Amino acid sequence: MPVLPDKQMVSLRTWRGVQLYQFLPDYGQLIDLSWSLESRDVSTCRLTIPTPLAVDGGLPQIQPWLHWIDVWDGEGQKLLWSGPIQRAALGWQTTVITAKDIGALYTRTRCPITKRWDATDPAAIAHELVNAMIGLHNVNVAPIVRFDPFGDKFDYAVTADAAMLDTHISELVNLGLFWTVVGGVPMLGPRSRKPVAALSETDFMNSDGITLDRDGSSTFNDVLLLSGTDKSRSRVEMGGLNLQTIFHSDTTTGVSNTDRATKASARYVSRFHDTISLPDNAVLHPSAPVSIDELLPSARMTIEAFGMLIPVELTGIDVSYTPDTSAVSIRIAAVDDELPELITLQRKNSISGLGQGVGS
């Protein structure tokens, strides 16, 4: 089974869903097409068509925001991408139509409700906000929400019309919210941590660009924890090195046992962390053992390279298509689900000091 459908086509419609036109690859109506899926960001679609089609081929005059484009498989059965048109650039030979997914409406929506949440998953908060936005703009779609069983809960408050919605979405991202848009549907909360696929170097068209990075930029083997007048130390032998660091008391709220936490942190920060890096255009082989349905941002997979099996998280995909060729490339990030207490608390403190909507 190929990663991508053999054919793709694009339909033009009104924001209310009235179909206006179809761009079919086999009839010279579609020169090239590219679209993406993004992690915690708005994705983009870019369609190039012949200008004669746009001028005298029966195509309605493009109206940004009023007109949307949908990307379908060649049978018109599976919706791959959807969103409002942002721009149509008419040239002598070709016309380029650019659209963004429904997340673009975050920047066109004032906060639609006034509410306070206590100890709530960020995905649940975002679900209410996005649902209210969808109702305001009369978009016929229902968000999908998934709760992270390992995530934290927060107090949060919003006031109608006090800020733009994208400001609140950004704050919720800082609190751990994952979101993406797939096939026009907002998905709030991460996918399962269970890997959806196992890939190897041979599953990429340009495997020569794959690198194994052994990073020592955050490596220490002598840890000192300062908590008021108390001190806790831990050192891990590392070939005679003395790479020192300090954790301060403002990172220790809620630490169950400072000595144990210090030792756990020393063991963690004294390790070198191996990660896989892919080239900028890491194109999957057409027969790679994964489908476009599985290539969703936040999905986990493993990549085998250089004799190591390394877990990664998908942060985005880029699809390019012409009537003759198609390709999908992926972007990944390293994952680490076993952070010690001090490291976790330090990272939480690094996102503190958000706007007035966040409570203690």
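The values are calculated or read from the model by the stated rules, or taken from the named source; none is laboratory data. Since this is a predicted model, take the numbers as computed values, not measurements. FYI the Cβ positions are ideal-geometry reconstructions off the backbone, even for glycines, and counts take in every protein chain you see. What goes into the accessible areas is simple: the full protein's heavy atoms, side chains included, and nothing from ligands, DNA or RNA. Shrake-Rupley method; radii C 1.70, N 1.55, O 1.52, S 1.80 Å.
The table below lists the values:
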quantity: Conditions (1) under 28 Å from Leu295 (Cβ atoms); (2) without any contact (Cβ under 8 Å) to a residue 40 or more places away in the chain; (3) among the hydrophobic types (A, V, I, L, M, F, W, C); number of the one not met by Ile49; calculated: (2)
quantity: Elements of type strands (runs of 3 or more DSSP E) in region 122-212, at least 1 residues being closer than 27 Å to Arg16 by Cβ; calculated: 179-182, 185-188
quantity: Residue match in region 67-74 (condition: of a type outside the set (Phe, Trp, Tyr), touching a residue at least 12 places away in the same chain (Cβ under 8 Å) and more than 30 Å from Asn131 (Cβ to Cβ)); calculated: yes
quantity: Residue that is modelled with the highest pLDDT [pool: residues in region 86-134 that are among the polar types (S, T, N, Q), more than 23 Å from the chain's Cα centre (by Cα) and open to solvent by 20 Å² or more (accessible area, probe 1.4 Å)]; calculated: Thr114
quantity: Residue selected from region 8-58 under the condition closer than 19 Å to Val185 by Cβ and among the aromatic types (Phe, Trp, Tyr), by the criterion most open to solvent (accessible area, probe 1.4 Å); calculated: Trp15
quantity: Residue within region 296-312 that is polar (S, T, N, Q), surrounded by fewer than 15 Cβ atoms within 10 Å (Cβ to Cβ), modelled with pLDDT of 85 or more and part of a strand (DSSP E or B) present; calculated: no
quantity: Among (1) touching a Leu at 6+ places or on another chain (Cβ under 6 Å); (2) under 30 Å from Gly135 (Cβ atoms) - the single one Asp41 does not satisfy; calculated: (1)
quantity: Hits in region 217-239 - residues which are in contact (Cβ under 8 Å) with a residue 40 or more places away in the chain, assigned to a loop (DSSP other than H, G, I, E, B) and open to solvent by less than 40 Å² (accessible area, probe 1.4 Å); calculated: Thr219, Asn221
quantity: In region 240-269, the residues that are at pLDDT 80 or above and either open to solvent by less than 50 Å² (accessible area, probe 1.4 Å) or part of a loop (DSSP other than H, G, I, E, B) (or both); calculated: Gly240, Leu241, Asn242, Leu243, Thr245, Phe247, Thr262, Ala264, Ser265, Ala266, Tyr268, Val269
quantity: Boolean, Trp72 is open to solvent by less than 40 Å² (accessible area, probe 1.4 Å), in contact with a strand residue (DSSP E or B) (Cβ under 9 Å, 6 or more places away or on another chain) and either under 12 Å from Gly184 (Cα atoms) or among the polar types (S, T, N, Q) (or both); calculated: no
